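Peer 1: One structure, pasted below without further comment.
The values are calculated or read from the model by the stated rules, or taken from the named source; none is laboratory data. The structure presented is a predicted model; accordingly, all values stated were derived computationally and were not measured. Using ideal geometry, Cβ is built from the backbone for each residue, glycine included, and neighbour counts are taken over all protein chains shown. Keep in mind that these areas ignore ligands, DNA and RNA; they rest on the heavy atoms of the full protein, side chains included. Shrake-Rupley method; radii C 1.70, N 1.55, O 1.52, S 1.80 Å.
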2 protein chains.
Amino acid sequence: MKSVYMDHASATPVREQVIEAMLPYFDQHFGNPSTVYDMGLKIKQVIEEQRAKVAKLIGAKPQEIIFTSSGAESNNLAIKGVALARQKKGRHIIISAIEHHSVLNSARFFERMDFEVTFLPVDEYGLVDPERLSRAIRSDTILVSIMHANNEIGTIQPISELSAICREKDVLFHTDAVASVGNIPVDVNELNVDLLSLSGVSIGAPKGIGALYFRDNLRLMPLIHGGIQESGRRGGTENVPYIVGLGKASVLAVEELFDKMNHLEKLRSLIISGVRERIEHVKLTGHPDKRLPGHASFCIEAIEGEALIYMLNQHGIYSNTGSACASKALKTSPVLVAIGTPPDLAQGSIVFTMDSSNKVEEIEYVLVKLYLAVEKLRSLSPLWRSKEGI
Amino acid sequence: MKSVYMDHASATPVREQVIEAMLPYFDQHFGNPSTVYDMGLKIKQVIEEQRAKVAKLIGAKPQEIIFTSSGAESNNLAIKGVALARQKKGRHIIISAIEHHSVLNSARFFERMDFEVTFLPVDEYGLVDPERLSRAIRSDTILVSIMHANNEIGTIQPISELSAICREKDVLFHTDAVASVGNIPVDVNELNVDLLSLSGVSIGAPKGIGALYFRDNLRLMPLIHGGIQESGRRGGTENVPYIVGLGKASVLAVEELFDKMNHLEKLRSLIISGVRERIEHVKLTGHPDKRLPGHASFCIEAIEGEALIYMLNQHGIYSNTGSACASKALKTSPVLVAIGTPPDLAQGSIVFTMDSSNKVEEIEYVLVKLYLAVEKLRSLSPLWRSKEGI
C-alpha cells in the first residue's frame, strides 16, 4: 500500500545525516562533558559547537541558547523561569487563547500560585490584535507569551508588532516557535523577542531535544535544578548525541529553508484549491495567506474528524485532527473554539502538515481518497442526509 | 596508548544492543504516540512495553513509572512534584547532607518559597542514622529524600530502615537510586519507598533518559506541564528511541546483575587492597563494606585530586575527583566535608567507578600508574617534603 505521511507537525522521521552525526556520540565519544580529562573537554567543545549552530538558525548568540529535552520543556522553562525570577516585579502574565498545552498549562499552574493570567482572544483567523495586547498590559505584567505559528491552523502571528508593544512597556516577550522554526525565517532580532522555544522534532532531529533562546543575561529560574550544566540554568548530564543531532539539523535547516518554503507553498496551494473545488461545505481554518507554507487545515461539515483520519489511514494517508498532543484528551479543539468555529463544524477538523519529502503526486492521491472518504462518511450521517433532503 | 576507563559514575558508553534497539525508532517507527492512526498506536504500545521492562528492573508496576529526560529531572520531579502537591499538609522537607545537586538544589529552591529544609548529617562513612532521622521528622514534614548509594564515596544507605520510620509517621520517602540501579539489587517494595529516581546512564542507556517511580496513585505536580503524555504527569512528545533504549538496558541489567556484582566486587577488592599496600597516607572514603561493588574512592594526602586525574589521563586512565557534575564548580567536595574529611585531605580525592567491561589486568596497570603519579606529585609538594623531612 502507498504511504503518504502528512502529519509532520506531530512527528518527523529523523534525517539520515542527523542519525549519522549522532551515532559516534553513543559509544565512542561518550564521556561526561563536565569531567576534567581530555575526553570530557573534547565533548564539552563539541557541545559548544552545536550551540553556535542552533544559535545561527535563529540569529542568536551561542551563549543565549539553553538545550532542553523538548519544545514543551522550553516553554515551561520560559514561562516558569521568568515568572519565578520576576515575581517581585509583578504577578500578571498574558498568553493568547490558542497556545500549546505546555504554555497554557504552565500559565494555569501560576494561577494556582496567586498569579493572574489574561488569555488574549484571537480573531476568526487566529490572529492576536496588537491593540488588544496593548490594552491588556498592566503595570504588574511581567511576561507575554504568544506563539509564532499555530500547529493546528497554521496561522503566523505578527510577532514583531506584538513584541514592540511589550518592549516599549518593559514587559518580556516569549514566543513558542516550535511550529515555525525550519518552516519560515525565524530571527530573534527581527522578531524582537526575549525568549523563543524551538524543538528538534520540527527540523528532522529526534523527539527529546529542544532549545530555549533567552536574550543576553536574562534572569531565569531553572526548571531542572542540578549542577553547573548549561551555565547553571539546567541540571542533568547533557544529552550529547541529541545535541549533536540538533546542531546538524540546524545547519541543514538553514541551508534548505528557501527551497523548502517554495516547494511547500506549491503543495499547500494544490491541496487547498483541490479541497475547495471537490468538496462542498468545507472551511479553510486559519489565515489564507499568513500561514505556514506546508500547512493546510480544514473543517468539513457533517464529518467526524477522527473517523476521517481512520479512513484515510486505511489508504496509507497520515493526517491529524486538532492538536497532536491533545487529540485523545479533548472532544472539541480549544483552538477551533477560539477562532469562533461552531462546535458541530469543529468536529470535522482535519490537518495536513507537509515537509520536503512530500511530492506533488501525493496531493492528487490524497485529494481523491479524501473526497471518497468524505462522501462515504456523509452518506452515513443522518444530519447530512436530512440537510441534503435525501 | 592503552585506555582504561574507570569513571562509569560520570558516563558510560551506550551498549551495542541498546543502540541496535533504538535505531529503528529514529526514522522508521517515528510516529507520535499520541496520534490516533495505526503508526501512533503501535508506538504507544511499544512505549508501554518498555515501561513494563523498567518497572520489572525495580519491582514496580508499569503504571508507577514516568519516563523523564534524566536522573536529575526525576529528582526534581520527585521533590518539587510532592512538595507542590502536599504543601497544604506541611512545608518541611528532610534530605541528607550528601545528596546529589539535583536533590540539594531542588530542596534549596523551596527554602526560598517558605519551606523549611533539614539537612541530615551523616557519619564518617556517609551513613544516615535512623534515630536521627526519626527525631528530625515533625508534624509538618511531608517528604524525606535520602539517596540509595552515593556516587562519590560509594556508601549504600540502610534505605528500608529509614523508609520504615517515614512510613510509620505518614511521611513520603524518596530515594535517588541513580548510582545503585544496575549495580546492586533495587526493589521498591523491599526498599519500601514511595518515589525512586533512576537514570539510563548507569545501565548503558544514553544520557538524556531517566525514570521516576511513584507508588500507585501518588499525587504529583508535573514539572513539565503539557499534554496528556505520561498520564498527564509529564508533557512533551515522548522520546521514543531513548525509551526503547532504557527498556532494553533494563532487561540486560536484570539478566546480568549478579555476574556483574561478583566481577566488580573482585575488582574493587583488588584496587582497594592494592592502593593500601602501595601508597602511604591514604584513606578509603565511604563505607568499607556497605558500598557499591564497582566503587573505590580514596583521599590521598598531600595531593591535588585534579592534578592526579590529569596525570593518570596522560596514561589513558580515566578517573574522577568529587562528584561528576560538581567537579568544575567547587573546590572542596561537600560530600567529603560531610563525612568529616579535613579540607587538606579532601583535596586529594580520587574516585574509580567500574563496570563489567573493566578487567582484572587493568587494575595492575592503574595501580602502577597511580603509584608513580602520587610519588611524582608528592615529590613536587613542599608540604609533603617538609612532612617527610626531605
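Peer 1: Whether any residue in region A:189-211 is of a type in the set (A, V, I, L, M, F, W, C), more than 22 Å from A:THR155 (Cβ to Cβ) and within 11 Å of another protein chain (Cβ to nearest Cβ) is what I want to check.
Peer 2: Checking region A:189-211: at least one residue is of a type in the set (A, V, I, L, M, F, W, C), more than 22 Å from A:THR155 (Cβ to Cβ) and within 11 Å of another protein chain (Cβ to nearest Cβ).
Peer 1: Which count do you get for residues in region B:134-151 that are of a type in the set (A, V, I, L, M, F, W, C), out of contact with any strand residue (DSSP E or B) (no Cβ under 6 Å at 6 or more places or on another chain) and not in a strand (DSSP E or B)?
Peer 2: Taking region B:134-151 as the starting set, the residues that turn out to be of a type in the set (A, V, I, L, M, F, W, C) are B:136-137, B:142-144, B:146-147, B:149.
Now drop any that are not out of contact with any strand residue (DSSP E or B) (no Cβ under 6 Å at 6 or more places or on another chain), which leaves B:137, B:142.
Checking which are not in a strand (DSSP E or B) leaves us with B:137.
The qualifying residues number 1.
Peer 1: A further question follows. If you go through region B:104-129 one residue at a time, how many are open to solvent by less than 30 Å² (accessible area, probe 1.4 Å), under 23 Å from B:VAL337 (Cα atoms) and over 21 Å from the mean Cα position of the chain (by Cα)?
Peer 2: 1
Peer 1: For region A:231-266: of the residues being of a type in the set (D, E, K, R) and under 21 Å from the mean Cα position of the chain (by Cα), which is farthest from the other protein chains (Cβ to nearest Cβ)?
Peer 2: Restricting attention to region A:231-266, the residues satisfying the condition of being of a type in the set (D, E, K, R) are A:233-234, A:238, A:248, A:255-256, A:259-260, A:265-266.
Narrowing further to those that are under 21 Å from the mean Cα position of the chain (by Cα): A:248, A:255-256, A:259-260, A:265.
Working: A:LYS248: 13, A:GLU255: 20, A:GLU256: 17, A:ASP259: 21, A:LYS260: 18, A:GLU265: 25 Å.
Among those that are of a type in the set (D, E, K, R) and under 21 Å from the mean Cα position of the chain (by Cα), it is A:GLU265.
Quick grid of which residues meet (1) open to solvent by 30 Å² or more (accessible area, probe 1.4 Å); (2) within 12 Å of chain B (Cβ to nearest Cβ); (3) outside any helix (DSSP H, G or I):
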position	(1), (2), (3)
A:LYS88	yes, yes, yes
A:ILE93	no, no, yes
A:SER102	no, yes, no
A:GLU131	yes, no, no
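Peer 1: Among what's in region A:1-27 and is assigned to a loop (DSSP other than H, G, I, E, B) and over 26 Å from A:LEU292 (Cβ atoms), pick the residue that is farthest from the other protein chains (Cβ to nearest Cβ).
Peer 2: Once the filter is applied, the top-ranked residue is A:MET1.
Peer 1: Going residue by residue through region A:61-76, is there one that turns out to be over 19 Å from the mean Cα position of the chain (by Cα), more than 12 Å from chain B (Cβ to nearest Cβ) and open to solvent by less than 20 Å² (accessible area, probe 1.4 Å)?
Peer 2: Looking through region A:61-76, at least one residue is over 19 Å from the mean Cα position of the chain (by Cα), more than 12 Å from chain B (Cβ to nearest Cβ) and open to solvent by less than 20 Å² (accessible area, probe 1.4 Å).
Peer 1: So B:LEU220 fits all but one of (1) open to solvent by less than 10 Å² (accessible area, probe 1.4 Å); (2) more than 9 Å from chain A (Cβ to nearest Cβ); what number is the exception?
Peer 2: (1)
Peer 1: Does region B:105-126 hold any residues that are in contact (Cβ under 8 Å) with a residue 24 or more places away in the chain and either within 12 Å of chain A (Cβ to nearest Cβ) or assigned to a helix (DSSP H, G or I) (or both), and which are they?
Peer 2: Of everything in region B:105-126, those that are in contact (Cβ under 8 Å) with a residue 24 or more places away in the chain and either within 12 Å of chain A (Cβ to nearest Cβ) or assigned to a helix (DSSP H, G or I) (or both) turn out to be B:SER106, B:ALA107, B:PHE109, B:PHE110.
Peer 1: Before we move on, is A:SER297 of a type in the set (Gly, Ala, Ser) and more than 14 Å from chain B (Cβ to nearest Cβ)?
Peer 2: Spelling it out, A:SER297 is indeed of a type in the set (Gly, Ala, Ser) and more than 14 Å from chain B (Cβ to nearest Cβ).
Peer 1: Taking the options B:GLU277, B:GLU304, B:GLU362, name whichever one is at pLDDT 95 or above, open to solvent by 40 Å² or more (accessible area, probe 1.4 Å) and either in contact with a strand residue (DSSP E or B) (Cβ under 8 Å, 6 or more places away or on another chain) or not aliphatic (A, V, I, L, M) (or both).
Peer 2: After applying the criteria, what remains is B:GLU277.
Peer 1: In this structure, is A:SER139 touching a helix residue (DSSP H, G or I) at 6+ places or on another chain (Cβ under 6 Å), open to solvent by 30 Å² or more (accessible area, probe 1.4 Å) and not β-branched (Val, Ile, Thr)?
Peer 2: Spelling it out, it is not the case that A:SER139 is touching a helix residue (DSSP H, G or I) at 6+ places or on another chain (Cβ under 6 Å), open to solvent by 30 Å² or more (accessible area, probe 1.4 Å) and not β-branched (Val, Ile, Thr).
Peer 1: Tell me, yes or no, whether region A:30-40 has at least one residue that is modelled with pLDDT under 95, among the aliphatic types (A, V, I, L, M) and open to solvent by 60 Å² or more (accessible area, probe 1.4 Å).
Peer 2: no
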